[in-house]
Each structure stands twice: as C-alpha cells, then as structure tokens.
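K.L.:
Structure in structure tokens, see below.
The values are calculated or read from the model by the stated rules, or taken from the named source; none is laboratory data. Quick caveat, the model's predicted, so the values are computed rather than measured. Every residue, glycine among them, receives a Cβ derived from its backbone with ideal geometry; neighbour counts consider all protein chains shown.
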Amino acid sequence: MIYFDNAATSWPKPPGVAEAMTHFLAEIGANPGRAAHRRAVESGRALYEAREAVCELFNAPDPLRVVFGLNVTDALNLALRGLLRPGDHVITSSMEHNSVMRPLRALESGGVEVTVVRCSLEGLLDPADVEAAVRPHTKMVVLNHASNVVGTLLPVGDVGALCRARGLLLLVDAAQTGGAYPIDVQADQIDLLAFTGHKSLCGPMGTGGLIVGERVNEKEIEPLRRGGTGSRSEYEQQPDFLPDMCESGTPNVVGLAGLEAGVRWVLKQGVEAVRAHEVALTQRLIDGLRAIPGLTVYGTLDAERQTATVSFNIAGMSPSEAGLRLDDEYGIMCRVGLHCAPAAHKTIGTFPGGTVRFGLGVFNTMDEVEMALAAVAELAEEAR
Amino acid sequence: MNAGEYAVILLYSTSHAIRAEKVLNGAGIVSKMIPVPRHLSSNCGICVRIRRGDRQAALQALEAIGLEIEGVHDI
C-alpha cells in the first residue's frame, strides 16, 4: 500500500501523537479553563502547550494570539468573515481553494469587493499584479502559501512587504505548507496565518487555528461563534480579548494534545530536513512522470518552487479511472478530480476534468515513488 | 497555610494564567494555580497564587513579556 494523499490528510502520524491523545483521554480528560481543580488545570496546560508549539514552529511571538479551531477552513472563515465589512476591498489569487473562494463569494454578495489576481499556467503569482490591484479601500490580501492542486508556492514574503508598505493585512492559508516549508510570520510579515493540524503538522483531524498578528486589532474581529469561555462568566456579553473571544465552547483538547505532539515531532526533525526529503522525492516524481509517454504534468516542474504535491493527467484515461485503477490494482491511494479548487484548475487549464494528484509526505520513500512511476507507466501504456 | 502569607494574581483567562505560571516558574518564583478566592471578582475562575514576598519580582517577570494582568491582591 502506498499512501499518496498527504495533501488532504497526512498519514501515518509520527510516534507520540496517538500516545499524547490517549494520555489526555485516560489521564487528564477534564475541561480546560472552566473549573480550577488539578485535572482542569492540566487540561488547560495541554491546550496552552499546543499554543506554544505552534508559535515555535511559525516564530509567532505571543501564544495568546493563537486561536484554535476545527481546521484551516474554520480559521479562514474567522479571518475573512471576522474582519471584512461591506465596502472593503480584498485581493486574492486565482489559485485559491474553495476554503477561501466560498467565504469570499458569500462576502461579495454582501457588499465586499473581491479582486482575483490571475496566476500563470504554472500557478505562479507576480507580486506586481497584486500591487496593481490595490485600491484606496483595499483592506486585505489573502493567498494560499502553496496550491493544493499543483503545489506551486506563492511569494508570500514579497506580498507581505507590499502589504506593510500599503497598510494592508496579509492573510495566508498555510494548509499545504505548515510543517513542510519554513514559515516565519515575522520575517514574512504575515498578519494572519491560518493553519491546519492534520496535514504536515502531523496532528489529527479536527485541529487547526489562526495566528493573529499584532497589526490586527482584535476588537475589530467579529467572532464566528459566541458562548461560554470560562472567562468573564458574570457577563452575558462575549469577552473582547484573545484567545477567548474566538474560542467559545469546549475545545478539542484531545486533538490539540495530538497536534502538539505532531508539531514537536516536526520541530525535532527540523522543517528544513522535512523539506529536503520532500524536495528529493518530488523532483524524482516529476522527472519520472515527464519521461512517461502520454503524460501531462502540471505546475512549475521544479520541486524547489513547489510542495510535494504533483498533478498530472494520462492521455486517454480520465482522472477518476486512473485513481480507481491505481487503488484497485496497485494499492496506491491518491486523489483525483478538482480537489475543491475550481479556480486553480481553471488557471492551469484542467477545468472541469481535473487531474490525478499525488500528495507526498514526510513518511513516503523513494522506493514508493519508483513503484508509483512504474504503475503510472503501465496505465499510460495501456491507455495509448 | 498561614493567613497573610500569599498574594494572588488575577488574569483575563485560563490561557493567560497558564502563561503566567510558566513565566513565573521560569523566573524561579514558586506559584500555584488556584480557584479565585470568593471575595475577589475576576474574569476567569482561576488565578495564580504566589508568596507575598515575591510580588514585585513576579509582576516584573510578567511585565517583561507584556502579559496583561487584571490585578493582584493579598489574601
């Protein structure tokens, strides 16, 4: 069995993740931030340690400005719906996932102006095109750090500098890069970083969050949910400080204990080491696929300019048939179709048919890449 | 516990309280998370208890990292 669906959810998880979750359930288990007994405090500590781990990974200065939620979609919704108001203008790219596009389209119908900056066929974004789109009422630029379809990295650091110069907020969707590619929210001048726990942070599903930078005035954030926080309990109004104002209801501490273990594992390996491993696998995969007659490989074709996610098509075979046969006949699990990113597929010219996507991860090996290449070559030969 | 021995630092949330506890531990100040004493009112049900003699050092350590506190009271 070869698991090549890491762009959706990473698997397997590193040692320590399941153990941390089991430990929490069996030995701690109490509600954080409500009671003050010893296990409630332990639970609060587990939650807090997860905040610190995330801050360490992304070089964020203040653990109390990490807002946890369900996943990156939750975090993006909080940032977009929480900060954009009718009359504001927001700029995004044509490579975005629906986790950005759908909230933006809904906001658009409510009076927020949206500009989608066109990327190249390889998925590359020219920061000058972002600059040209800025208007007097532009409030925010939102970009994915890397495409979930072709892995192409967007120049978030350059756009970050531009946003600072023009007084705009930069929101980055780090779903595909967090834990797999170096991110420094201070150096890259990222004001809002949305991350998910279940991909390269190596944690469980149902974990993610938003890092809220110092340039964002939290008093202006409209929370997605209101309710109990364990703080200011004598008031019927929502607290107005982070993280509580955006974290109503009992959090997924069991999941976040797993997330902390995943992030600690990534930190121990070093993001640079994870990246080097993935670059080597990715370049071999790209080169091997390009050598197979009848294959079209999308993106930059340069592992240094993308994540470990590679999209391709086999001439004469639909992505769905290829996906089914790779699974049934070769035990290769991947994802085919549009990957929740119709805009990106339109940009690279694969809409509405979609692509076959191999999402490699830190636990994949060169042997697996070679086996997959042999499998694809057989399918391509048959389809010719 | 002897009356008059301790002070409590009140904080805005449990996350703030746990951050405070970690910072104090790092500064070598003995602290304990306890429920907020009934006669005090706080944003959050939990606070950090320290020895009165450590009050100034504790406040300095928290200020050094920019952690906002709600108040400090002798108990």
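K.L.:
Would a scan of segment A:17-30 turn up a residue that is facing chain B (nearest Cβ under 9 Å) and surrounded by 22 or more Cβ atoms within 10 Å (Cβ to Cβ)?
P.N.:
Start the filter on segment A:17-30 by keeping residues that are facing chain B (nearest Cβ under 9 Å), which leaves none.
The answer is no; no qualifying residue exists.
K.L.:
Looking at segment A:198-205, is at least one residue touching a Leu at 6+ places or on another chain (Cβ under 9 Å) and under 30 Å from residue A:89 (Cβ atoms)?
P.N.:
Scanning segment A:198-205, I find no residue that is touching a Leu at 6+ places or on another chain (Cβ under 9 Å) and under 30 Å from residue A:89 (Cβ atoms), so the answer is no.
K.L.:
Being surrounded by fewer than 21 Cβ atoms within 10 Å (Cβ to Cβ) and within 17 Å of residue A:347 (Cβ to Cβ) is the filter here, so list the residues in segment A:118-146 that pass it. Talk me through it step by step, then tell me what you get.
P.N.:
Here is the first cut: in segment A:118-146, the residues surrounded by fewer than 21 Cβ atoms within 10 Å (Cβ to Cβ) are A:118, A:120-122, A:124, A:126-129, A:131-139.
A:118, A:120, A:121, A:122, A:124, A:126, A:127, A:129, A:133, listed by residue number.
K.L.:
To continue, here is another question. Could you please find all residues in segment B:39-62 being within 12 Å of another protein chain (Cβ to nearest Cβ) and out of contact with any Lys or Arg (no Cβ under 6 Å at 6 or more places or on another chain)?
P.N.:
The initial filter retains those residues of segment B:39-62 that are within 12 Å of another protein chain (Cβ to nearest Cβ), namely B:41-49.
Once the filter is applied, which keeps residues that are within 12 Å of another protein chain (Cβ to nearest Cβ) and out of contact with any Lys or Arg (no Cβ under 6 Å at 6 or more places or on another chain), segment B:39-62 yields B:41, B:42, B:44, B:45, B:46, B:47, B:48.
K.L.:
Hey, residue A:251 hits all of (1) under 21 Å from the mean Cα position of the chain (by Cα); (2) more than 14 Å from chain B (Cβ to nearest Cβ); (3) part of a loop (DSSP other than H, G, I, E, B) but one; which does it fall short on?
P.N.:
(2)
K.L.:
Sticking with this one: Can we say residue A:331 is without any contact (Cβ under 8 Å) to a residue 24 or more places away in the chain and at positive phi?
P.N.:
Values: without any contact (Cβ under 8 Å) to a residue 24 or more places away in the chain: no; at positive phi: yes.
No: the conditions fail for residue A:331.
K.L.:
Within segment A:317-324, is there a residue that is assigned to a loop (DSSP other than H, G, I, E, B), closer than 30 Å to residue A:156 by Cα, touching a residue at least 24 places away in the same chain (Cβ under 8 Å) and in the same structural domain as residue A:6 (by TED's automatic domain parsing)? Working first, answer last.
P.N.:
Of segment A:317-324, the ones assigned to a loop (DSSP other than H, G, I, E, B) are A:318.
Filter once more, keeping what is closer than 30 Å to residue A:156 by Cα: none.
No: segment A:317-324 contains no residue that is assigned to a loop (DSSP other than H, G, I, E, B), closer than 30 Å to residue A:156 by Cα, touching a residue at least 24 places away in the same chain (Cβ under 8 Å) and in the same structural domain as residue A:6 (by TED's automatic domain parsing).
K.L.:
Is it true that some residue in segment A:68-85 is in the same structural domain as residue A:201 (by TED's automatic domain parsing), closer than 30 Å to residue B:49 by Cβ and either surrounded by 18 or more Cβ atoms within 10 Å (Cβ to Cβ) or among the aliphatic types (A, V, I, L, M) (or both)?
P.N.:
The first filter runs over segment A:68-85 and keeps only residues in the same structural domain as residue A:201 (by TED's automatic domain parsing), leaving A:68-85.
After this cut, where a residue has to be closer than 30 Å to residue B:49 by Cβ as well, the list is A:68.
Adding the requirement that they be either surrounded by 18 or more Cβ atoms within 10 Å (Cβ to Cβ) or among the aliphatic types (A, V, I, L, M) (or both) leaves A:68.
Checked against the condition, which is being in the same structural domain as residue A:201 (by TED's automatic domain parsing), closer than 30 Å to residue B:49 by Cβ and either surrounded by 18 or more Cβ atoms within 10 Å (Cβ to Cβ) or among the aliphatic types (A, V, I, L, M) (or both), segment A:68-85 yields at least one hit.
K.L.:
For segment A:30-64, which positions are in a loop (DSSP other than H, G, I, E, B), free of Cβ contacts under 8 Å to residues at least 40 places away in the same chain and small (Gly, Ala, Ser)?
P.N.:
Narrowing segment A:30-64 to residues in a loop (DSSP other than H, G, I, E, B): A:30-37, A:59-62.
Restricting the remaining residues to those that are free of Cβ contacts under 8 Å to residues at least 40 places away in the same chain gives A:30, A:35-37.
Selection gives A:30, A:35, A:36.
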